[in-house]
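Step one of this worksheet: look at the structure below.
The values are calculated or read from the model by the stated rules, or taken from the named source; none is laboratory data. Since we're looking at a predicted model, the values are computed, not measured. So basically every Cβ, Gly included, is an ideal-geometry build from the backbone, and we count neighbours across all protein chains shown.
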Amino acid sequence: MNLNIKQTISAFADVKPQFWLLHILGWAFYVVIFTIEYAAFNTYTAKTHYLILLPLLFSGLVGGLLTWPLRGIYRQFSKGNPLQVLLIIITMSLLVASIWTPIKNLLLMYFFDHVTLLDLYLGNQPQDFYFGELFLTITYSFFMIMVWSCLYFGINYHFKLLREKHLHLEALRLSHIAQIKMLRYQINPHFLFNTLNAISTLVLRGDKSKANNMLARLATFLRFSLDNDPEQKIHLCDEIKALMLYLEIEKTRFADRLEVKFTVQPEAERLLVPGLLLQPLVENSIKYAIAQMEAGGIIEVSAQIYNNLLHLTVTDNGPNSDSIPTTTAQLLEKSQRGGVGLKNVVERLNVLYTNNHQFAITQGTNRGCVVNIVLPMETIA
């Protein structure tokens, strides 16, 4: 899994807009739509034409104030069973509609017929008025509040799913980070033991200067190993520097028996690779090739770009194994070279690149072993 997914899943964290913003926009939409409807399908005098917006504006304001408390009520029952939630929605929608409808109708009567609540109370209403007019549009109002309620639950459910997806992806990302750290920090104990033993030997021989240099290089290499974030990839040139630091330590042990050649294409130096990717491969060659030959041997490290892919190759001229596995699974199970180091490399590549990489081990043309890794070209955006 490419851990750049962090940038993708972070979009889910704060994606939910504020309730009040959606609430105001929803009722503003109601005012605009019904203002257009009134203006298009009703005729008014020039004096009242521009006042169409006012009763609808006040009606929307009242509707917004009446539906605002529903948020708190619905929150209390949102975790109930569906039937209970439906009954609450219907009951509250009917209650709010029963309050909103007469207020809305009174506003319309006041602006267009100049009838106030006091006029109705004193009996000064128009001759054709009857009290039931105040509730004529209650069905329509009930439908409006039901729509508001359904939108509230629908939007909340939608963002609940987004939050759950975000949490799932975040948990997956953290799991992968933990796995990478575990693999990254599994430093080969043989390397540490041999290095410390070599330092001890130098001290006993009285070569304190060389011992101090070797200890300083070991400290620098370990600091690089532990300080760098395993989730972040590094430039190939930095990976090569870390590898050379490791090789300086090993050359103190093997002296002239260890020869390393680098062939790095300049364009490849700024490409990104997992940190400490090459070191286990070189360590494996030292252990099973250089250390097995009295005269020592040669390790070649190559980084080339072919067909927009980065090809990393580590080759040694050590003794051939009886058989070279043809698959990674066979390598890890059967090959004497398939130790912890190579196993960690394979698993890290699987975590970081899934199926977007290649890893292969073959016998050299004459002798030795060739490890080839193919990665996609990645740079810092």
Ala178 modelled with pLDDT of 65 or more, over 18 Å from Leu281 (Cβ atoms) and loosely packed, with under 12 Cβ neighbours inside 10 Å: no
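Yes/no matrix, rows are residues, columns are (1) among the acidic types (Asp, Glu); (2) crowded, with 19+ Cβ neighbours inside 10 Å; (3) modelled with pLDDT of 85 or more:
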{"position": "Pro82", "(1), (2), (3)": "no, no, no"}
{"position": "Ile88", "(1), (2), (3)": "no, no, yes"}
{"position": "Met92", "(1), (2), (3)": "no, yes, yes"}
{"position": "Leu95", "(1), (2), (3)": "no, no, yes"}
{"position": "Asn105", "(1), (2), (3)": "no, yes, no"}
Selection within region 67-101 - within 25 Å of Tyr30 (Cα to Cα) and hydroxyl-bearing (Ser, Thr, Tyr): Thr67, Tyr74, Thr91, Ser93, Ser98, Thr101
Answer residue from region 244-286, given it is in a helix (DSSP H, G or I) and among the basic types (Lys, Arg) and is farthest from the chain's Cα centre (by Cα) among those: Arg257
Residues satisfying the stated conditions in region 219-235, i.e. among the hydrophobic types (A, V, I, L, M, F, W, C) and at pLDDT 85 or above: Ala219, Ile234
